[in-house]
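Everything below concerns the one structure shown next.
The values are calculated or read from the model by the stated rules, or taken from the named source; none is laboratory data. Nothing here was measured: the structure is a model prediction, and the numbers come from that model. Cβ placement follows ideal geometry from the backbone for every residue including glycine, while neighbour counts extend to all protein chains displayed. Side chains are part of the model used for accessible areas, which takes the heavy atoms of the whole protein and leaves out ligands, DNA and RNA. Shrake-Rupley method; radii C 1.70, N 1.55, O 1.52, S 1.80 Å.
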Protein chains: 2
Amino acid sequence: MDEVFKALADPSRRKLLDLLHENSGQTLASLCTHLDMTRQAVTKHLNLLENANLIATVWHGREKLHYLNPVPIHEIYERWISKYERHRLQALSDLKKHLETPSPEPHGKHEARQQSSASHPSGEPVEHPH
Amino acid sequence: MDEVFKALADPSRRKLLDLLHENSGQTLASLCTHLDMTRQAVTKHLNLLENANLIATVWHGREKLHYLNPVPIHEIYERWISKYERHRLQALSDLKKHLETPSPEPHGKHEARQQSSASHPSGEPVEHPH
DNA sequence: AATATAGGCAACCAAATGGTTGCATGTCAA
DNA sequence: TTGACATGCAACCATTTGGTTGCCTATATT
């Protein structure tokens, strides 16, 4: 599991996951066109992702096709979201998304604050009085 | 969001989140007892987590209490799990957990393979024929 | 008031990370 | 078969990271 988090830590690798999420089965060369670095660097990133089991690959002739594997992400989710929080968080997230979409009625922005006191018994976090 | 992933990349920081998940509102000193490093090092980790918005803090006299904030984790989840995969993944995960619990019937281990071909159009990933 | 407790800040250091260049190998197409 | 294409592997380098030590401040306790 450590490798999964390490893999997700880099923005280029996350971009690779995003690319595969919207377009499955791409080759190395294809992915390279979206990243501003050498092919070799991208290879390193892809290897890391593959070792972390975040992507699976299939060889097709001389082409290596890459696929996103969502399972590890789901396991991260399970680790720190207790079952009871899930519904609330999902509702929150859906609401946020709803508020973000350009709604037909041109109201003032609702200032969708997505977090603040999401789960804390003592209300708003308080600044250090030093 | 970058800070969130960076924060999650380190095992010590993940352990801190685990500690706060099972016991909310701990002080720095309290958390230190579970990690094999100096207090200053733990402080650095906690600051990173706080900047990433993964924990919120409340000062209480000279004690700084730490709380887990699950929202960013949920956002990670939303990023790469398309809505249609969620049900299937949840079922898979539940099944895995079920198989892992010491069942009353002393069967042979079911060898709960949790991932393999979880979402790939081309079936089992294939090894490089080179 | 004196002392112990809870925490912050800065300088320093070894190791890991993310990129590069250079070269080698296997596959397809003319 | 020759050359272009798709990818792999290794050495190297600058920066970031994760830890240390040393010292300072603020709040409790006696």
Complete set of residues in the range A:50-71 that are of a type in the set (Gly, Ala, Ser) and either without any contact (Cβ under 8 Å) to a residue 12 or more places away in the chain or closer than 18 Å to residue B:92 by Cβ (or both):
A:56, A:61
Selection count, the range B:27-49, where residues are free of Cβ contacts under 8 Å to residues at least 12 places away in the same chain and either among the acidic types (Asp, Glu) or more than 9 Å from DNA strand C (Cβ to nearest atom) (or both)
2
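Looking at A:74, A:45, A:98, A:34, can you tell me which residue is more than 11 Å from chain B (Cβ to nearest Cβ) and within 30 Å of residue B:67 (Cα to Cα)?
Working: A:74 fails: more than 11 Å from chain B (Cβ to nearest Cβ); A:45 fails: within 30 Å of residue B:67 (Cα to Cα); A:34 fails: within 30 Å of residue B:67 (Cα to Cα).
Exactly one residue qualifies, and that residue is A:98.
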Scanning the range B:50-83 for residues that are open to solvent by 70 Å² or more (accessible area, probe 1.4 Å) and either more than 11 Å from DNA strand C (Cβ to nearest atom) or within 16 Å of residue B:7 (Cα to Cα) (or both) gives B:51, B:79, B:83
Within the range A:1-26, restricting attention to residues that are farther than 23 Å from residue A:40 by Cβ and free of Cβ contacts under 8 Å to residues at least 60 places away in the same chain, which residue is most open to solvent (accessible area, probe 1.4 Å)?
A:22
